[in-house]
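Below you'll find the structure, written out as structure tokens, and then a few comments.
The values are calculated or read from the model by the stated rules, or taken from the named source; none is laboratory data. Remember, predicted model here, so these are calculated numbers, not experimental data. For neighbour counting, all protein chains shown are included, and Cβ atoms are generated from backbone atoms with ideal geometry for every residue, glycine included.
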Amino acid sequence: MADKATLRVWRGTKDKPGEFQEFEVETYPGMVVLDAIHDVQATQDPNLAVRWNCKAGRCGSCSAEINGRPRLLCMTRMSHFEPGEPITVTPMKSFPLIRDLVTDISHNYRMAKKIPPFKPRPREADGTWRMQQHDIDRIQEFRKCIECFLCQDVCHVLRDHDKHESFAGPRFMIQLANLDMHPLDTVDRRPMIKDTFGIGYCNITRCCTEVCPENITITDNGIIPLKERIADDFYDPVKWLLRKVMGTKKKKSLPVVQEAGSKKSEAPKAKKKEPADAEE
Ligand code: SF4
Ligand code: SF4
Ligand code: FES
């Protein structure tokens, strides 16, 4: 006989107070929580609302909270839970509820629009761009983000203090880190990182890093180096004065590594290394 599991699923809409509803589902090897939700939709209540697309941990749509922890429904196996243990499924708490397990995440897209886009420096004289491999390696992990917003959901600044308008949140901090550390980018976003995106609100609890399904080291590799750069630029008196006198900071350009036999091109001037870079 097939094993059974009990799901306690949050039901409600933005206009009506919600409540938990229990469903019993038959389990099978390899079943994930999203399968169980689909089983409920197919056999018990077709009105249960859930957002999903890929069922492969790639689209970031099926974010919810399972037993109070932000998780992807499609990447959480039913076998992860003790037999007989009720599995509680609730919508992400940091975003307004639309219905059942579906929340309104449009705030994130509005925040994304505020970030000035990537603007590369001109190409080298031979028509190419060259970058140091370690600069590429450093930002590569930030590009794995699937925009599930689980990190935004768990961050207490957004979740408990509702600072959605003052703090961009961890997902956008890594996007800003990705741009700030990009060796080709020329835009100085640091005043915005400090003021508009409110990096000072982050107190490095690392909860965002713990829930990221892509294992991006959001805090240590993204937010902390950004904080160090902001501290250098705005709270180091010499750099602060330079910024006042010289205006916005031009981003560093790395020296071009000349390949053997290639035509000599003009190397951009290297600037003094920043402390965060020097750690490597
Ligand atoms: S480390 Fe910062 S961004 Fe991440 S959850 Fe904590 S306060 Fe939020
Ligand atoms: S950083 Fe991780 S947790 Fe945050 S949105 Fe991207 S993939 Fe999801
Ligand atoms: S359905 Fe795409 S990540 Fe879960």
Yes or no: the stretch 40-57 includes at least one residue that is of a type in the set (Gly, Ala, Ser), more than 16 Å from ligand 3 (Cβ to nearest atom) and part of a strand (DSSP E or B).
no
Tell me, yes or no, whether the stretch 15-37 has at least one residue that is more than 16 Å from ligand 1 (Cβ to nearest atom), among the small types (Gly, Ala, Ser) and free of Cβ contacts under 8 Å to residues at least 24 places away in the same chain.
no
Name the single residue, out of those in the stretch 109-140 being in contact (Cβ under 8 Å) with a residue 60 or more places away in the chain and buried (at least 18 other Cβ atoms within 10 Å of the Cβ), that is nearest to ligand 2 (Cβ to nearest atom).
MET111
Six or more apart or on different chains, Cβ under 9 Å: which pairs go from a residue in the stretch 194-222 that's in contact (Cβ under 8 Å) with a residue 12 or more places away in the chain to one that's within 16 Å of ligand 3 (Cβ to nearest atom) and acidic (Asp, Glu)? Could you list them?
VAL211/ASP153
Count of residues meeting criterion [among the charged types (D, E, K, R) and within 16 Å of ligand 3 (Cβ to nearest atom)] in the stretch 151-167:
1
Selection from the stretch 56-79 of residues among the charged types (D, E, K, R), farther than 21 Å from LEU97 by Cβ and under 19 Å from the mean Cα position of the chain (by Cα) yields ARG58
How about the stretch 206-247: which helices (runs of 4 or more DSSP H) wholly inside it have at least 3 residues that are surrounded by fewer than 19 Cβ atoms within 10 Å (Cβ to Cβ) and either in contact with a helix residue (DSSP H, G or I) (Cβ under 7 Å, 6 or more places away or on another chain) or not assigned by TED's automatic domain parsing to the domain that holds HIS182 (or both)?
224-235, 237-246
For the stretch 149-208, what are the residues that are closer than 14 Å to ALA112 by Cα and β-branched (Val, Ile, Thr)?
ILE174, ILE193, THR196
Conditions (1) out of contact with any helix residue (DSSP H, G or I) (no Cβ under 8 Å at 6 or more places or on another chain); (2) assigned to a helix (DSSP H, G or I); (3) of a type in the set (A, V, I, L, M, F, W, C) -> TRP129 fails only (2)
